[in-house]
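Notes follow once the structure below has been shown.
The values are calculated or read from the model by the stated rules, or taken from the named source; none is laboratory data. Since the structure is predicted, the reported quantities are computational estimates derived from the model, not experimental observations. Methodologically, a virtual Cβ is constructed for each residue, glycine included, from the backbone with ideal geometry; neighbour enumeration extends over all protein chains shown. Only protein heavy atoms, including side chains, enter the accessible area calculation; ligands, DNA and RNA are left aside. Shrake-Rupley method; radii C 1.70, N 1.55, O 1.52, S 1.80 Å.
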Amino acid sequence: LYGSPIEELEQANILELRHGIQTVLLRQLELVKTSGENTRLLSHALQEEQLRHLEIHISQVELRDQDIILIILQDVTDQLFTDELRQRTEQRFRAMIENALDLILLIDVNGHLLYASPSLARIMGYHPDSVLGTRMLNLCHPDDADELKDQWLAMLEEPDAMCQMLCRMRHADGSWRI
């Protein structure tokens, strides 16, 4: 992380470490003493001005009848970047789904609705939360139920397959919509 050979670090006094890490570690040691927390997240610029995010774990342990301070530094920069990227992607996906004009449903393997996009209210007259847990077959016209079951079973047998069918669904007002 800091470019120091392991042999140098094994023999080093904390005050002799390079790149200003000694100041950071001493400050963290003091925070551990005052706060009682022994794990902290900190940001630290390396000599090349590259900002890295470090998780620092500091604890006092006994080794060979001697109290020592154990310091574990873990570079979590890439993990934090990945987490932030995933969160932005999820927010963008959610915004896209929630603002779509088309109706989007997530259904479990038993045919129960897990998610309905907000467009359900405009298209079918139901508030999305009101249909969660409902079996799709309960909203399907009885004359279309067998074909829907057959298509459903085919999708379960071959999950990557695509299927397309028209099915009449009951609107909240009791009428049937395609």
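Beta carbons closer than 9 Å, at least 6 apart along the sequence or on distinct chains, pair a first residue in the range 126-144 that is within 17 Å of VAL109 (Cα to Cα) with a second that is open to solvent by 90 Å² or more (accessible area, probe 1.4 Å) and in a strand (DSSP E or B) for LEU132/LEU114; GLY133/LEU114. The lone criterion from (1) open to solvent by 100 Å² or more (accessible area, probe 1.4 Å); (2) under 21 Å from the mean Cα position of the chain (by Cα); (3) charged (D, E, K, R) left unmet by ASP102 is number (2). Kindly check whether there is at least one residue in the range 56-65 that is loosely packed, with under 10 Cβ neighbours inside 10 Å, over 30 Å from LEU166 (Cα atoms) and either at pLDDT 85 or above or in contact with a Gly (Cβ under 8 Å, 6 or more places away or on another chain) (or both). Yes, the range 56-65 contains at least one residue that is loosely packed, with under 10 Cβ neighbours inside 10 Å, over 30 Å from LEU166 (Cα atoms) and either at pLDDT 85 or above or in contact with a Gly (Cβ under 8 Å, 6 or more places away or on another chain) (or both).
A residue that is open to solvent by 60 Å² or more (accessible area, probe 1.4 Å), in contact with a strand residue (DSSP E or B) (Cβ under 6 Å, 6 or more places away or on another chain) and modelled with pLDDT of 75 or more occurs nowhere in the range 82-92. Under the condition of being in contact with a helix residue (DSSP H, G or I) (Cβ under 6 Å, 6 or more places away or on another chain), at pLDDT 90 or above and aliphatic (A, V, I, L, M), the residues counted in the range 123-166 number 2.
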